[in-house]
Amino acid sequence: MTGQTARSCQPAQPRSPRRFREQAVFALHEPHLQAALSRAADGFIGKRAKAVALVPEFEQLREAGARRKDEILADLDTYLTAFEAEVTRHGGVVHWAPDADTARRIILEICAAANARVITKGKSMVSEEIGLNEALEAAGYEIVETDLGEYIIQLAGEAPSHIIAPAVHKTKEQISDLFEAAHGTPRQTTVEGLVTEARLQLRQKYFQADVGITGANFLVAETGQTLIVTNEGNGDLTQTLARIHIVTAGIERVVGTLEDVALFLRLLARSATGQDSETYTTYSVGPRRPGDQDGPEAFHVVLVDNGRSRMLNGPFRPMLRCIRCGACMNHCPVYGAIGGHAYGWVYPGPMGSVLTPLFTGLDNARDLPNACTLNGRCAEVCPVKIPLPDLLRRLRHEQHKAGLRPALEGRALTLWRWLATRPALYHAAERIQVRLLAAWARGRKTLRWFPFARGWFAVRDLPAPPGRTFLELWHAKRNHPDGVER
Amino acid sequence: MNNRERILTAIRTALGKSGTAETADPAARANAITPRAPHPRLAFSEPITERWQRLWTARAGTVCELPSRDALPEAVAAWCAEVGAAPPTHASGTLLNLSWPAAWQLRCEPATVTTETAVSEAYAGVAEVGSLVFLSAPVHPITHRFVPDNHLVLLSQSRIVAHFEEFWALLRDELGDDATDWRERLPRTINFVAGPSRTGDVEQTIQLGAHGPRRVHVFLIP
Ligand code: SF4
């Protein structure tokens with residue numbers, strides 16, 4: 001292996017939402033990651049903006065999407081039972097998993113009953129959420145991730161860092177290293193060479209697979225169909241060529257009709273990858289029919305609750321509208337600076353900062369709701385208008401109520417409030433502060449450190465203040481509008 | 001309580017509903033699956049075939065026009081010679097009735113890892129996104145659309161619809177009748193295909209032919 005090895009971009013301990021600070025600092029100092037992130041952010045933001053600009057109806061679509069999701073969530077049990085009835089009509093089996101343990105157990109039982117050996121997988125965030133790969137590996141199955149991004153991170157022994165582009169943090173050189181080591185083939189250094197090599201490696205696996213596991217972008221109550229949307233075609237090869245197809249999906253993935261799907265597809269591709277549509281959109285229901293020459297012999301859908309029904313009751317219900325497009329993380333300055341792994345669990349970025357504490361416990365993810373500048377860009381781009389900053393603020397509040405915020409923070413805020421309600425004192429304090437900082441800067445434009453604030457300055461610079469407060473400057477400017485007095 | 005009841009009860013409790021899912025109002029279920037006021041669509045004034053072609057080629061699909069389906073075998077031979085592709089070995093549906101060169105030994109079987117070229121007929125096209133639609137059936141294997149390197153497709157202009165909604169209306173109409181709910185006849189798999197397989201997973205650089213066909217060429221007939 002040449003160059004930087006892939007594994008070097010992880011802290012020594014396994015990642016966890018509990019160690020957000022540590023992981024974030026680590027990420028900020030990882031040069032490969034920083035290079036990959038800045039390239040990705042530019043690409044995603046520009047492509048989405050271009051695609052959305054071509055659709056004058058986009059705002060209307062967002063409105064309709066949010067409204068329709070709310071309608072469905074308000075009657076979720078009805079939609080799910082309608083979906084179940086249609087799957088059953090076409091010979092499929094619906095399983096209900098209240099939690100991650102049950103979901104894993106159901107899937108392990110299906111694989112065992114099928115005498116499976118090789119299991120191929122399409123991209124599925126729910127399967128990450130329930131820790132499926134670890135369970136299947138522990139049971140001795142050969143697991144092959146088939147989405148190219150997932151395949152790359154599987155070789156690297158990592159988790160996805162983005163819900164749409166799981167290997168977005170990897171550079172081409174790192175991928176060359178991984179492939180060279182795993183395949184024992186001549187080193188590929190071009191994008192085309194790498195993609196072709198993965199294609200050839202994975203082709204064999206699709207045909208050998210006993211079980212193919214995919215996620216679902218949507219479940220259609222009207223028809224019992226499960227949908228996958230991909231650009232590579234890996235999900236289709238996975239579910240068509242394996243003997244058994246297992247679909248894993250959160251209970252909130254269900255929509256009513258095929259017309260609803262049309263609405264959400266219009267929002268999804270543009271928000272996720274800036275395309276009019278992804279390459280493949282596939283609707284499937286049930287096992288192969290009599291006379292069919294291909295397709296799976298059995299079709300299972302595992303509906304996963306795992307905390308979702310709890311979210312239905314209360315202020316976080318809008319989070320269940322999420323169609324997992326990734327736009328919020330692409331537009332998040334915090335995600336853009338630290339990448340997905342620092343968040344420590346399956347879902348990164350703003351949506352992850354809401355979901356992780358709700359799924360894994362407020363206590364388990366204390367820093368996530370606070371890793372937000374409340375700039376609001378995520379809510380502006382969210383295709384189903386989830387008020388992400390509001391939900392994050394709400395989580396901070398709940399943390400506070402539960403006594404989960406550090407005591408020092410509470411005392412500092414109390415002091416600040418005391419000061420802020422006394423304007424004369426506040427301005428005096430402010431004047432002292434900017435003069436002190438300006439003196440410390442000694443004419444330099446940026447401050448690189450300050451006593452007692454090493455931690456803060458470790459990853460940031462502060463522009464040196466001009467020595468006077470905003471109010472002072474403003475008064476001066478008002479008295480001398482031509483700007484002579486500076 | 002089994003797992004199903006546990007989840008449904010948790011949902012109903014969270015939503016403040018009483019009773020069980022089984023005793024729930026059957027009208028609610030019917031309502032859930034009934035199309036409601038139409039959702040917003042993309043308005044376009046471009047003729048639908050033009051839009052379809054423009055979007056199809058923008059996604060790296062290729063297309064040429066043919067006068068009729070009878071012209072297909074010759075056009076396929078010419079296309080294969082031009083791009084240096086192996087002639088098709090797999091075909092489906094009524095396309096098998098055309099007069100193909102005997103040497104190709106065209107057959108309707110699932111595609112295998114060695115299948116290089118397949119030829120199919122699209123059920124419809126959707127102008128909104130520039131995609132092809134295929135249904136699965138015993139004479140229409142799914143693998144033809146995903147396994148070969150080259151997928152050659154016959155599409156009739158008269159089968160191109162403007163929006164997804166018109167496609168579903170067409171399908172409901174063609175599958176159902178007064179006596180039968182169209183959903184009884186719902187194909188197991190419906191594939192929308194918008195161009196060749198692609199990936200952006202290596203440094204966001206778009207590369208064609210990730211796992212599915214590298215080339216998808218459409219022969220457009222009136
Ligand atoms: S929260 Fe909104 S923007 Fe973020 S992934 Fe979900 S749908 Fe997309």
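The values are calculated or read from the model by the stated rules, or taken from the named source; none is laboratory data. Only a predicted model underlies this, so the values are computations on that prediction, with no experimental measurement involved. Heads up, the Cβs are rebuilt from the backbone with ideal geometry, glycines too, and the neighbour counts pull from every protein chain shown.
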Checklist entry - What number of residues within the range B:97-111 satisfy the criterion of being out of contact with any helix residue (DSSP H, G or I) (no Cβ under 7 Å at 6 or more places or on another chain), surrounded by 15 or more Cβ atoms within 10 Å (Cβ to Cβ) and in a loop (DSSP other than H, G, I, E, B)? => result 1
Next on the checklist: If I ask for residues that are farther than 30 Å from B:ALA43 by Cα, more than 19 Å from the chain's Cα centre (by Cα) and not acidic (Asp, Glu), which ones from the range B:163-203 would you list?
Outcome noted: B:ALA179, B:THR180, B:VAL202
Item to check | Residue within the range B:182-189 that is at negative phi, assigned to a loop (DSSP other than H, G, I, E, B), of a type outside the set (Ser, Thr, Tyr) and more than 8 Å from chain A (Cβ to nearest Cβ) present | outcome: yes
Checklist entry - Being buried (at least 17 other Cβ atoms within 10 Å of the Cβ) and at pLDDT below 85, is that true of even one residue in the range A:371-387? => result yes
Next on the checklist: Restricting to the range A:354-377, name every residue that is within 15 Å of the ligand (Cβ to nearest atom) and either within 14 Å of another protein chain (Cβ to nearest Cβ) or within 22 Å of A:ASP99 (Cβ to Cβ) (or both).
Outcome noted: A:VAL354, A:LEU355, A:THR356, A:PRO357, A:LEU358, A:PHE359, A:LEU368
Checklist entry - Only one residue in A:VAL261, A:VAL254, A:VAL211, A:VAL220 is hydrophobic (A, V, I, L, M, F, W, C), more than 12 Å from chain B (Cβ to nearest Cβ) and crowded, with 24+ Cβ neighbours inside 10 Å. Which one? => result A:VAL211
Checklist entry - Do we have any residue at all in the range A:295-305 that's in contact with a Phe, Trp or Tyr (Cβ under 6 Å, 6 or more places away or on another chain) and closer than 20 Å to A:ILE213 by Cα? => result yes
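Is it the case that A:SER127 is of a type outside the set (Val, Ile, Thr), closer than 23 Å to A:VAL229 by Cα and within 16 Å of the ligand (Cβ to nearest atom)?
No; evaluated as a whole, the condition is false for this residue.
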Item to check | So A:THR226, is it at pLDDT 95 or above, facing chain B (nearest Cβ under 10 Å) and surrounded by 24 or more Cβ atoms within 10 Å (Cβ to Cβ) | outcome: no
Item to check | Restricting the range A:314-342 to residues that are outside any helix (DSSP H, G or I) and at pLDDT below 90, the residue that is nearest to the ligand (Cβ to nearest atom) | outcome: A:GLY340
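Being out of contact with any helix residue (DSSP H, G or I) (no Cβ under 6 Å at 6 or more places or on another chain), more than 29 Å from A:GLU259 (Cβ to Cβ), within 14 Å of chain A (Cβ to nearest Cβ) and part of a helix (DSSP H, G or I) narrows it down to one residue among B:THR94, B:THR114, B:THR13; which is it?
Exactly one residue qualifies, and that residue is B:THR13.
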Checklist entry - Somewhere in the range A:363-383, is a residue of a type in the set (A, V, I, L, M, F, W, C), under 18 Å from the mean Cα position of the chain (by Cα), in a helix (DSSP H, G or I) and under 19 Å from A:GLY314 (Cα atoms)? => result no
Next on the checklist: With within 25 Å of A:LEU61 (Cα to Cα) and more than 10 Å from chain A (Cβ to nearest Cβ) as the only criterion, which of B:ARG59, B:ARG51 stands out?
Outcome noted: B:ARG51
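Do you know which residues across the range A:264-288 are of a type outside the set (A, V, I, L, M, F, W, C), within 14 Å of the ligand (Cβ to nearest atom) and within 9 Å of chain B (Cβ to nearest Cβ)?
Once the filter is applied, which keeps residues that are of a type outside the set (A, V, I, L, M, F, W, C), within 14 Å of the ligand (Cβ to nearest atom) and within 9 Å of chain B (Cβ to nearest Cβ), the range A:264-288 yields A:ARG266, A:THR273.
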Checklist entry - Quick check, is A:LEU37 modelled with pLDDT of 85 or more, within 14 Å of chain B (Cβ to nearest Cβ) and either buried (at least 19 other Cβ atoms within 10 Å of the Cβ) or more than 21 Å from the chain's Cα centre (by Cα) (or both)? => result no
Checklist entry - Given (1) touching a Phe, Trp or Tyr at 6+ places or on another chain (Cβ under 9 Å); (2) within 16 Å of the ligand (Cβ to nearest atom); (3) at pLDDT 95 or above, where does A:LEU258 come up short, assuming only one miss? => result (2)
Next on the checklist: Can you go through A:ARG89, A:ARG68 and tell me which one is at pLDDT 95 or above, facing another protein chain (nearest Cβ under 8 Å), surrounded by fewer than 20 Cβ atoms within 10 Å (Cβ to Cβ) and within 30 Å of A:GLY256 (Cβ to Cβ)?
Outcome noted: A:ARG89
Checklist entry - Of the residues A:THR248, A:THR240, which single one is more than 10 Å from chain B (Cβ to nearest Cβ), under 30 Å from B:GLU184 (Cβ atoms) and modelled with pLDDT of 95 or more? => result A:THR248
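Could you tell me whether A:ALA402 is in contact with a Ser or Thr (Cβ under 7 Å, 6 or more places away or on another chain), more than 16 Å from the ligand (Cβ to nearest atom) and not basic (Lys, Arg)?
So A:ALA402 does not fit the description; no.
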Checklist outcome for this item: All conditions in (1) within 7 Å of chain B (Cβ to nearest Cβ); (2) over 23 Å from the mean Cα position of the chain (by Cα) are true of A:GLY233 except (2)
Next on the checklist: Just checking, does the range A:287-298 include any residue being buried (at least 24 other Cβ atoms within 10 Å of the Cβ), small (Gly, Ala, Ser) and farther than 22 Å from A:THR248 by Cβ?
Outcome noted: no
